[in-house]
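The block underneath contains the structure these notes are about, expressed in C-alpha cells.
Throughout, read-outs are computed from the coordinates displayed, never taken from laboratory work. This is a predicted model, so every value here is computed, not measured. Every residue, glycine as well, gets a Cβ built from its backbone with ideal geometry; the counts of neighbours run over all protein chains shown.
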Amino acid sequence: MKVYCPYCRKEVDYKIEKREIKEFRGIELNTYENVAICTKCNQDLYVDEIEKKNNERIYELYRQKTNIIKPE
C-alpha cells in the first residue's frame, strides 16, 4: 500500500514499526502503537487507518485503568 510522504514529496511504500507506550496522560499503560515508516527516507508517516486503530487501543486501555465508561 502506498501513501504520500511529505519528505520525499511522492507516493511511497511504508513499513510498520511497533513502538512501546509506557504512559498516557500520566497513567501507566504498557502497550504499543504502530507507526508507518517511509521505506525511502525512514521518516514517520501519518496513515489514518493506523492512527485510528492506535487511538482505539490506547483509549480503551486508558478507560479501563481510570474506570471511565465508554461513550456508547
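In the chain, excluding the sites themselves, the longest stretch lacking any of the trypsin sites (Lys or Arg not before Pro) that are in a DSSP loop with at most 14 other Cβ atoms within 10 Å is 41-72. Between Q43 and E28, what is the spin-label point distance in nm, taking each point 7 Å from the Cα along the Cα→C-beta axis? It is 3.7 nm.
Distances between placed amide hydrogens fall under 5 Å for Y32 paired with I21, all partners being 5 or more residues away or on another chain.
Positive contributions from Lys and Arg (+1) and negative ones from Asp and Glu (-1), summed over other residues with Cβ under 12 Å from the Cβ of C5, come out at +1.
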